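Read through the structure below, which is laid out as structure tokens, and then see the notes.
The values are calculated or read from the model by the stated rules, or taken from the named source; none is laboratory data. In this text, all values refer to a predicted model and were calculated from it rather than measured experimentally. For neighbour counting, all protein chains shown are included, and Cβ atoms are generated from backbone atoms with ideal geometry for every residue, glycine included.
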């Protein structure tokens, strides 16, 4: 039952055109080490399902994305994700927009093998615009009101980053918000957990309700210290706001981005972490 | 310190706070500096039953200063539960908007053709669900014809016209008020059109009309938005926003 693997092995098991769910929320607890490896892999035509942050931005910048399915893409403290914005504005990626509640219902439906779940969220808005492929259903009860039938957001693969995991793939969050990570994992045919630390089975500390992800849903687990960088990974690490600002300002300029990508994204995860440490030491 | 010294930003904070008057024990969800300050100010003064957050997943035992740690906590509201609360309804949200139309339809998603936008914005976020599921107000820090448009490019937040067409599914839709840096507006005009309720001190109604890209309903004499009380000013300046972040959102005296 030992499921410990590496970011390279996880990424090499993926294929062009897959639907990949990414956990976290905005610029919070994103599986960035896995995302960085994905960007290096040369994979193409992915459908990325995410409460989007720099994961979506980096994958767009790497040319890995055909479609984004998301309620938003943001860096939180910086409202607009520069790479996603640029990719959309040059027509490079398609965007299926969901309301946040609809998005959660899509994952809930997939996680529970239901074809759809009904909700009011989305009615009257352009989420239901022509060509969206979304339909409404009429309630068989009461006044027979119409509701959005949110289709199951079934994933080929889910990637999530948790504070702790054990070698069997059980995952634990220690911050204030689980986000939707357990739903991503259950909605996927295969799920990979990266964690700040991987410990022996039975050695996950803290109350049992922090054990968010069960090994029954997990294919592989990777230890990636600071693997959520530069997103928020409380309580171990707050968002690296200075580095996020550096990322965003470089992303807004082609030459600056080439420099950023060359320095930080061309090598291994270990090389990335080393360069980030150096960047901070330079006091840039 | 007297109320006469209030800045425009402080007038806006109080006008935002007034949106939650009478709401009782519900979540005051707020986006934007003056809106967040308004929710917490309302809780500290005339609407003590309100629930407010630390800006994250924690419901704070007391209204906390902007950016401060949660301190004592009275509840837990991670994003998933917040999304369920939208459906439950015990919530009044004050959102932002990049565009808003005459009936309160709003856009935070994209400018231009949504298939290939001239400007990609945030995406829908929770705007569709928020607007059809419960009371919604808006805080718009810059009242201009670029924001107040005849027709929004993408409908993220549902306006009164589209909600009316939903039949029984639209019965929880309720737009309350729009607070801007110039004025307070509601949807009490003909057929639910936007109406000027009050102008902030020092603002002429004509200026609001000129800054609005569609005909604005005006019923008789336009009131002047009330000034903060001395106690409200103290709470804003000394307790909730000692770093004066409000002045970065709304400039001017």
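The figures follow:
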| item | result |
| --- | --- |
| Number of the condition not met by residue A:109 [criteria: (1) surrounded by fewer than 24 Cβ atoms within 10 Å (Cβ to Cβ); (2) touching a strand residue (DSSP E or B) at 6+ places or on another chain (Cβ under 6 Å); (3) assigned by TED's automatic domain parsing to the domain that holds residue A:233] | (3) |
| Long-range neighbours under 6 Å by Cβ, at least six apart or interchain, first residue more than 8 Å from every other protein chain (Cβ to nearest Cβ) within the range B:73-96, second at pLDDT below 95 and not in a strand (DSSP E or B) | none |
| Residue A:124, sole failed condition from (1) farther than 30 Å from residue B:152 by Cα; (2) free of Cβ contacts under 8 Å to residues at least 12 places away in the same chain; (3) crowded, with 20+ Cβ neighbours inside 10 Å | (1) |
| Residues located in the range B:55-66, provided they are assigned to a loop (DSSP other than H, G, I, E, B) and under 22 Å from residue B:80 (Cα atoms) | B:55, B:56, B:57, B:61 |
| Condition broken by residue B:100, with the remaining ones in (1) touching a residue at least 40 places away in the same chain (Cβ under 8 Å); (2) buried (at least 19 other Cβ atoms within 10 Å of the Cβ); (3) touching a helix residue (DSSP H, G or I) at 6+ places or on another chain (Cβ under 7 Å) satisfied | (3) |
| The range A:134-163, subset part of a loop (DSSP other than H, G, I, E, B) and in contact with a strand residue (DSSP E or B) (Cβ under 8 Å, 6 or more places away or on another chain), residue nearest to residue A:15 (Cα to Cα) | A:154 |
| Helices (runs of 4 or more DSSP H) enclosed by the range A:52-131 - at least 2 residues per element that are under 22 Å from residue A:242 (Cα atoms) | A:54-61, A:82-89 |
| Helices (runs of 4 or more DSSP H) completely within the range A:190-284 that count 3 or more residues being within 21 Å of the chain's Cα centre (by Cα) and surrounded by 14 or more Cβ atoms within 10 Å (Cβ to Cβ) | A:241-251, A:269-281 |
| Residues (free of Cβ contacts under 8 Å to residues at least 40 places away in the same chain, at the interface with chain B (Cβ under 9 Å from one of its Cβ atoms) and within 24 Å of the chain's Cα centre (by Cα)) located in the range A:129-183 | A:178 |
| Filter result (assigned to a loop (DSSP other than H, G, I, E, B) and in contact with a strand residue (DSSP E or B) (Cβ under 9 Å, 6 or more places away or on another chain)) within the range B:7-54 | B:19, B:20, B:23, B:25, B:26, B:31, B:32, B:47, B:50, B:52, B:54 |
| Selection from the range A:82-101 of residues that are touching a helix residue (DSSP H, G or I) at 6+ places or on another chain (Cβ under 8 Å) and at the interface with another protein chain (Cβ under 9 Å from one of its Cβ atoms) | A:84, A:86, A:87, A:95, A:97, A:98, A:99, A:100, A:101 |
| Conditions (1) within 30 Å of residue A:236 (Cβ to Cβ); (2) surrounded by fewer than 23 Cβ atoms within 10 Å (Cβ to Cβ): number failed by residue A:151 | (1) |
| Looking only at the range B:217-236, and only at residues there that are in contact with a helix residue (DSSP H, G or I) (Cβ under 8 Å, 6 or more places away or on another chain) and without any contact (Cβ under 8 Å) to a residue 40 or more places away in the chain, the one that is farthest from residue B:175 (Cα to Cα) | B:222 |
| Residue within the range B:117-125 that is within 7 Å of another protein chain (Cβ to nearest Cβ), assigned to a strand (DSSP E or B), without any contact (Cβ under 8 Å) to a residue 60 or more places away in the chain and under 30 Å from residue A:147 (Cβ atoms) present | yes |
| Positions within the range B:136-160 being in a loop (DSSP other than H, G, I, E, B), over 17 Å from residue B:217 (Cα atoms) and either modelled with pLDDT under 95 or within 14 Å of chain A (Cβ to nearest Cβ) (or both), in sequence order | B:141, B:152, B:153, B:154, B:155, B:156, B:158 |
| Odd one out for residue A:104, checked against (1) buried (at least 19 other Cβ atoms within 10 Å of the Cβ); (2) touching a residue at least 12 places away in the same chain (Cβ under 8 Å); (3) within 7 Å of chain B (Cβ to nearest Cβ); (4) more than 30 Å from residue B:67 (Cβ to Cβ) | (4) |
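For every residue, the table says whether it meets (1) surrounded by 15 or more Cβ atoms within 10 Å (Cβ to Cβ); (2) over 16 Å from the mean Cα position of the chain (by Cα); (3) at pLDDT 95 or above.
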{"residue": "B:27", "(1), (2), (3)": "yes, no, yes"}
{"residue": "B:47", "(1), (2), (3)": "yes, yes, yes"}
{"residue": "B:52", "(1), (2), (3)": "yes, no, yes"}
{"residue": "B:58", "(1), (2), (3)": "yes, yes, yes"}
{"residue": "B:61", "(1), (2), (3)": "no, yes, yes"}
{"residue": "B:85", "(1), (2), (3)": "yes, yes, yes"}
{"residue": "B:89", "(1), (2), (3)": "no, yes, yes"}
{"residue": "B:92", "(1), (2), (3)": "yes, no, yes"}
{"residue": "B:106", "(1), (2), (3)": "yes, no, yes"}
